Amino acid sequence: MVELPTELWFRIAQFVPDLDLFPLATVNRLFLDLVIDRRYRQLIIDDDQPGVLIQKLARIEQDPLVADRVRSLTVHPKAVRSACLKSAKGTKRRVRPLRNQHWPDAFRLRSERFPLEEDTELADKFLASLGYLHAIEEYAIEWQQGVEPERSFCLPLLSAIWPPLGQNLRVVKLDMMLSHLCDMVSPVTGLDRVQELSLHFTCNDGRFGPWGGPGYSAKQAFEQLAGFMNRLALSLQSLTLSSIGHLNFSWLYASLSYFPHLNYLALFVPCDPRHIVDPTGFHNFLSAHKDIAHFSFSPQYCCHQSSLGPEPQHGCASAEDWLNRAFGAITFQNLHSLELGLNILGSGGKRVMLPVPRVGSAARDVRSLVVLGCIISLDDLHVLLRPFSQAAATPRSFTLEVHVLDVTLLDLLANCLPGLETLDLTYRWIGTSGSTNVNKFTKNLRDKEYAAGRPCIGLFSDVLVKMMILVGLPNKPLPVVYPDCGSSVLPIHFVCTRLTFRIISSSEAGTFLVFSSDDFLL
C-alpha cells in the first residue's frame, strides 16, 4: 500500500460509494474503523414502525461504539408519533405518566391526569436513548406540514430533545411550519456553539388568520423567531432563511441583531414591497453584515402581489423608491462568491426580479458568480450581468444554465465579464435529433471581433469552460461531432455528461460540443 498520511486516506475514502464500503472494510483495521464511522455517522429517525424504531434505539443503548460515532441526527416527529400510536394500538387506554425529566412540565402533568393516545413508554425510551448520543454536532428536524392533532405530542417531544443535545451542537437545520417553529424555539437556550443555522418554514397556517385581519399573530411569531436567532449571535457563522409564505417579513428583519462572525448568508424568501412592507429593518440587516464573504440571494415569487409595487400608505412612492430604501448605500466589499436566483415559481413576475440587479450593483470584487435557475432569454442574462460589466473588477468564475447556446451568448459573456477565467456552463438540450459540423460554429467565433479588435477566440483563449449537456429523453444516443474526428458520430448513452473544452487560439479549437441551429432555443 502506498504510504500516505492517515488524514489523506480518510479524505480519499469520503469519495467511495456506499456500495463499495464493505470491500473497503476488509483491507485493514484503519479502513474498517473508517467504514464503521461513516456507516453510523448519521442517524435518521423517519420510520413509523415501532419495531424498527425500537431496534434503532436498542443498538444505540447496547453498543457504545455506535453511539459515540453518531455525529448527525435527523428527526421526523410525525414518524415518531406514528410509531408511538401504532405501539399503543390494541392496548387498554389508561394513565401512563411520562418519566423522562426533559418533557415539558405541562405535558408531563397532563400525562399524569389523562390517558394519552401515544405509547408513553416508547416515547420515554426514545428520549432516553438520545441521551447516549454524546457526540451529536448536527441536528435537523423535518416536519413540513404539521397538522393540529400532531401538535399536542410533537411539540413537547421536540422541546424535550434540545436539553441533552444542545451543548455540543454546531449545525441546526429546521424545516417546519412557522407557528410550530416559533413555539418550539422560543424557550430554547444553551446553544452556545451553533455555527450554522438553516431555517425553512411554511406559512400556510390558519393560526395567522387572513393577511392583516383579526387574530393575525405573524408579528409575534417573527419576533419569537428573531429572539432565538439573536441568542446564537456570538457563535453564528452561516445563516440560511428559506420561505415562500405570504407574510410581512419586515417584522423579522426589524427584530434581528448583529451577528459579528457571520460569513455566509443565504436568503430564499420573498423580497418585494408587498412582503417587506417597511424595508428599513432589511436595509439595516444587510448593512450590518456587508463584510460577509458568501451571499446567496434568491427572492422568491410568493403570489401575484410579488410583482406589484408598494402601497402608498406604507411610505414608499414607487418600486424604485422601495429599492433605494432597501439597498441604498450598501456595498459588499469582501464577497468571494455570489449566487443570484431567478424567478422559477411565478409566471406573473419577471424572470430577473428587481432586487437581483441591485444586489449585483452592491457587490465588489466578486470572485465567483453563480446563477441559480435556467436562463431562457439573453435579455434576462444581460439585465443580470449589467451591474458587473460596469464594475472595476468582474468575476473570474461564472456558473450558469442556459436554453441558449450560440455565438451571441459567448459574445454577451465576453463583453460583460472581460476578466472571466472559468465558465461552468450547463446547456439544457430538449430533444433527440441533430448533429452538425463544427466548422460553421467555430468560423463564427473566429470571424467575430469586438471594439477592442480582439477576436472571440482570442478573448476566450484563457477561459476554461465546463459544459454539462442535459438530454430531454433518457438512454438516447447523443450524436456529437468533434473537430478532430471529422464527420464521425460519437454516441453517448447517458442522460447527462460533463465535458471540458478549451479554445486554444484563433487557428486551433479544442474539444467542442455543438448542435444544429434547429436545437437552439433562442
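Here the translational diffusion coefficient of the stretch 109-251 follows from Stokes-Einstein with Rh set to the Kirkwood radius across Cα pairs; for 25 °C and 0.890 mPa s it amounts to 150 µm²/s.
Remark: the stretch 85-90, residue by residue, has Karplus-estimated 3J(HN,Hα) of 5, 5, 5, 7, 5, x Hz, where x stands for each Gly or Pro and the curve is 6.51 cos²θ - 1.76 cosθ + 1.60 at θ = phi - 60°. Debye-formula intensities of the stretch 22-87, expressed as log10 I(q)/I(0) at q = 0.13, 0.16 Å⁻¹, are -0.44, -0.62 (one equal scatterer per alpha-carbon, no solvent).
Per residue, the stretch 18-90 exposes an accessible area of 57 Å² to a 1.4 Å probe, with every protein chain left in place. Computed from label points 7 Å out along Cα-Cβ, the spacing between PHE114 and THR6 is 5.6 nm. With a Förster radius of 35 Å applied to the C-beta separation of THR422 and LEU308, the computed FRET efficiency comes to 0.35.
Site pair VAL52 and LEU234 shows an inter-label distance of 4.2 nm when each label is modelled 7 Å from Cα along Cα→Cβ.
Sequentially through the stretch 290-304, phi angles give Karplus couplings (6.51, -1.76, 1.60; θ = phi - 60°) of 6, 9, 4, 9, 9, 9, 10, 10, 9, x, 8, 8, 7, 7, 4 Hz, Gly and Pro residues having no value and appearing as x.
Placing a pseudo-label 7 Å from each Cα along the Cα-to-Cβ vector at GLN390 and LYS219 gives an inter-label distance of 3.8 nm. Counting other Cβ atoms within 10 Å, which trypsin sites (Lys or Arg not before Pro) in the stretch 51-145 have at most 16 and lie in a DSSP loop? Passing sites in the stretch 51-145 are LYS89, LYS92, ARG93, ARG94, ARG99. Residues whose amide H comes within less than 5 Å of that of ILE330, counting only those at least five positions distant or on another chain, are absent (H built at 1.01 Å from N in the peptide plane).
Of the GluC sites (Glu not before Pro) in the stretch 1-97, the ones in a loop by DSSP (not H, G, I, E or B) with at most 11 other beta carbons within 10 Å are GLU3. As a ratio to 2.2 N^0.38 Å, the alpha-carbon radius of gyration computed for the stretch 43-153 takes the value 1.08. Amide H contacts for THR74 (H built 1.01 Å from N in the peptide plane; partners 5 or more residues away or on another chain; cut-off under 5 Å): LEU43, ILE44, ILE45, ALA140. Along its principal axes, the stretch 332-414 has C-alpha extents of 34, 29, 17 angstrom, given from the largest down.
When the Debye formula is applied to the Cα atoms of the stretch 266-368, each taken as the same point scatterer, what base-10 log of I(q)/I(0) results at q = 0.13, 0.22 Å⁻¹? For the requested q values the scattering log ratios are -0.44, -1.20. Less than 5 angstrom separates the built amide H of LEU372 from those of LEU340, GLY341, LEU342, all sequence-distant by 5 or more or on a different chain.
Along each principal axis, taking the top coordinate minus the bottom one, the Cα set of the stretch 235-316 gives 38, 22, 16 Å in descending order. In order along the stretch 51-62, phi translates into HN-Hα couplings of x, 5, 4, 4, 4, 5, 5, 5, 5, 5, 6, 8 Hz, rounded to whole numbers, per the Karplus curve 6.51 cos²θ - 1.76 cosθ + 1.60 with θ = phi - 60° and x for Gly and Pro.
The values are calculated or read from the model by the stated rules, or taken from the named source; none is laboratory data. The structure presented is a predicted model; accordingly, all values stated were derived computationally and were not measured. With ideal geometry, Cβ positions are generated from the backbone for all residues, glycine too; neighbour counts draw on all protein chains shown. Each accessible area value is taken on the protein alone, full model and side chains, heavy atoms only, with ligands, DNA and RNA left out. Shrake-Rupley method; radii C 1.70, N 1.55, O 1.52, S 1.80 Å.
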